[in-house]
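The values are calculated or read from the model by the stated rules, or taken from the named source; none is laboratory data. This one's a predicted model, so the numbers in the text were calculated from it and none came from an experiment. Cβ atoms come from the backbone with ideal geometry, glycine included; neighbour counts cover every protein chain shown. All accessible areas refer to the heavy atoms of the entire protein, side chains included, with ligands and DNA or RNA removed. Shrake-Rupley method; radii C 1.70, N 1.55, O 1.52, S 1.80 Å.
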Amino acid sequence: MDTRTRVNQALKQAMKDKAADRLATLRLINAAIKDREIAARADGEESSIGDEEILAILGKMTKQRKESARAYEEGGRLDLAERELGEIAVIEEFLPQQLSDEEAADAVKAAVAETGAESIRDMGKVMAALKARYTGQMDFGKAGPMVKDQLCSKGDC
C-alpha cells in the first residue's frame with residue numbers, strides 16, 4: 001500500500017475516532033502533498049507524485065517541527081512544543097524506520113564504493129546515490145559529514 005493511501009485511510013479513521021489533533025496533522029500532510037502536485041503540474045510534470053517525493057515531504061515536515069519544538073522550548077512555550085512533538089509522532093508513522101548510526105555509516109561506505117568516489121569533489125554523486133536509496137530513512141544533515149569524513153580518509157581534502 002502506498003503512502004498516500006495510508007494517509008487517507010488514517011485520515012478517515014481519525015474522523016471516525018474524532019481525534020482532532022491527529023486529524024489536523026493528517027490534513028496538513030494531505031495539503032503538503034497536494035501543494036507539491038500543483039507545483040509539479042505547473043512545471044509540466046505528471047499530476048501525481050510518487051512515494052519517494054511524499055517521503056521527502058514528510059521528512060521535511062518532521063525537520064521543520066523539530067526546529068519549531070526546540071525554539072518553543074527555548075522560549076518557555078512548552079504547550080506549543082508538545083503540540084509540535086505530537087505532530088511529529090503522527091508524521092513519523094508514515095516514514096520508514098530510520099537507520100541507526102551504524103547502518104548509516106555502512107550505507108555511506110557502500111555508496112562511496114558504488115559511485116567510485118575518490119575525492120571530496122565526488123561528494124555530490126555520493127549524496128545523490130544516498131538520497132535515491134534512503135529517502136526518509138536517513139538524516140542527510142548527518143550523512144553529509146559522514147560522507148566527507150569517508151572521502152577525506154582517502155587523503156584528498
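Suppose we take every Cα in the range 80-124 and form the convex hull; what volume per residue is that in Å³?
127 Å³
Could you check how many percent of all C-alpha pairs in the range 1-64 are farther apart than 16 Å?
Roughly 48 percent, rounded to a whole number.
Rounded to two decimals, what is the ratio between the C-alpha radius of gyration of the range 81-157 and 2.2 N^0.38 Å?
With N residues counted in the range 81-157, Rg over 2.2 N^0.38 Å equals 1.28.
Would you mind checking the pairs Lys34/Lys109; Lys12/Lys125; Lys63/Lys125; Lys18/Lys63; Lys12/Lys142 and listing those with alpha carbons more than 30 angstrom apart?
The answer is Lys34/Lys109; Lys12/Lys125; Lys12/Lys142.
Above 19 angstrom, tally the Cα pairs of the range 47-127 and express them as a % of all pairs, no decimals. All intermediate terms of the calculation are to be shown ahead of the outcome.
Working: 1899 of 3240 pairs.
The proportion of pairs with Cα distances above 19 Å equals 59 percent.
Per-residue HN-Hα couplings for the range 106-115, Karplus 6.51 cos²θ - 1.76 cosθ + 1.60 at θ = phi - 60°, whole Hz, x for Gly and Pro?
Those phi angles translate into 5, 5, 5, 4, 5, 5, 5, 5, 5, 7 Hz.
Evaluate Rg over Rh across the chain, taking Cα atoms for both radii and Kirkwood's formula for Rh.
On the way: Rg = 18.4 Å, Rh = 17.6 Å.
When Rh is taken as the Kirkwood radius, the ratio is 1.05.
What is the distance, in nm, between label points placed 7 Å from the Cα along the Cα-to-Cβ direction at Glu67 and at Arg41?
That separation, rounded to one decimal, is 2.9 nm.
Which of the listed residues, Ala39, Met15, Leu26, is farthest toward the dipole's positive end in the range 1-55, when Lys, Arg count +1 and Asp, Glu count -1 at the beta-carbon?
Comparing the listed Cα positions along the dipole, Met15 ranks first.
Local charge sum around Lys63 (other residues, Cβ-Cβ under 15 Å, Lys/Arg +1, Asp/Glu -1)?
Values: positive: Lys60, Arg65, Lys66, Arg70, Lys131, Lys142; negative: Glu67, Glu84, Glu87, Glu92, Asp139.
Neighbour charge sum, excluding Lys63 itself: +1.
Give me the percent of the accessible area of the chain that comes from carbon and sulfur atoms, probe 1.4 Å, all protein chains in place.
49 percent
For the chain, build the charge dipole from Cβ charges (+1 Lys, Arg; -1 Asp, Glu) around the Cα centre, then report which of Ala111, Ala143, Thr5 sits farthest towards its positive end.
Going by the Cα projections, it comes out as Thr5.
Over the chain, give the accessible area per residue in Å² for a 1.4 Å probe, as an integer.
62 Å²
Give me the distance between the Cα centres of the range 91-147 and the range 1-47, rounded to whole Å.
27 Å
How large is the charge dipole for the chain, taken about the Cα centre, if only the Cβ atoms of Lys, Arg (+1) and Asp, Glu (-1) carry charge, to the nearest 20 debye?
Working: 25 positive and 30 negative charges, 87 e Å.
Charge dipole of the chain: 420 debye, to the nearest 20.
Please give me, ordered by residue number, the GluC sites (Glu not before Pro) of the range 34-122 that lie in loop per DSSP and have at most 15 other Cβ atoms within 10 Å. Don't jump to the answer; show the numbers that get you there.
On the way: sites: Glu37, Glu45, Glu46, Glu52, Glu53, Glu67, Glu73, Glu74, Glu82, Glu84, Glu87, Glu92, Glu93, Glu102, Glu103, Glu114, Glu118; in loops: Glu45, Glu46, Glu93, Glu118.
Taking the range 34-122 and a limit of 15 other Cβ atoms within 10 Å, the loop GluC sites (Glu not before Pro) found are Glu45, Glu46, Glu93, Glu118.
Rounded to the nearest 20 Debye, what is the dipole magnitude of the range 3-71 about its Cα centre when Lys and Arg each give +1 and Asp and Glu each give -1 at the C-beta?
520 debye
Say the dipole of the chain comes from +1 at the beta carbon of Lys and Arg and -1 at that of Asp and Glu; which of Ser153, Ala129, Gln97 then lies farthest toward its positive end?
Gln97
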